[in-house]
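Reading through the structure tokens given below for one structure.
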Amino acid sequence: MKIKKLIPFLLSMLLFAGCSTVDNQQKGVKHVSMNEAIQMMEKESGYIILDVRTPEEFAEGHIPNAINIPNESIGSADLSQLPNKDQLIFVYCRSGRRSKEAAQKLANLGYTNIVEMGGINDWNGELEV
């Protein structure tokens, strides 16, 4: 009889533990549209624009002043190109999938001010080559 009462309690505790893990994973990452990111860039200064596509994709055209660190290169080690973990970093890729992955990896590395802005497909401005 007591075990039957204990099972729902344990299941609800697992559910709450799972929810808190999801919240912790998103800490430090803000997901915005490309238009919202452009508006933020107009108001902010001292930020980095991070393109996480391949070097070949980057060479074909990228957002002006962006730096390239491919998503596949972001792992468990600190990145020398991004020494300040509190600096505002705008992250993008081609369509938005890799930028979400990269933003999460950066958060896991301790970066605290990440704006994931989707894909360059939604960029209406000029491109650098």
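The values are calculated or read from the model by the stated rules, or taken from the named source; none is laboratory data. Remember, it's a predicted structure, so these values are computed and weren't measured experimentally. Neighbour counts run over all protein chains shown; Cβ positions are idealised from the backbone, glycine included. Note: areas computed on protein heavy atoms with side chains; ligands, DNA, RNA excluded. Shrake-Rupley method; radii C 1.70, N 1.55, O 1.52, S 1.80 Å.
How much net charge surrounds Lys85 when only the other residues with a Cβ under 14 Å from the Cβ of Lys85 are counted, with Lys and Arg +1 and Asp and Glu -1?
Net charge in that neighbourhood comes out at 0.
By how many nm would the segment from Leu79 to Met40 lengthen if fully extended, with 0.36 nm per residue of separation less the alpha-carbon distance?
11.6 nm
In what order, largest first, do Lys43, Lys30, Lys85 sit by accessible area if the probe radius is 1.4 Å?
Largest accessible area first, the list is Lys43, Lys30, Lys85.
Under the Karplus relation 6.51 cos²θ - 1.76 cosθ + 1.60, θ = phi - 60°, what is the ordered set of whole-Hz ³J(HN,Hα) values for the range 107-122, x standing for Gly and Pro?
4, 5, 7, x, 6, 10, 9, 9, 10, 8, 10, x, x, 5, 4, 9
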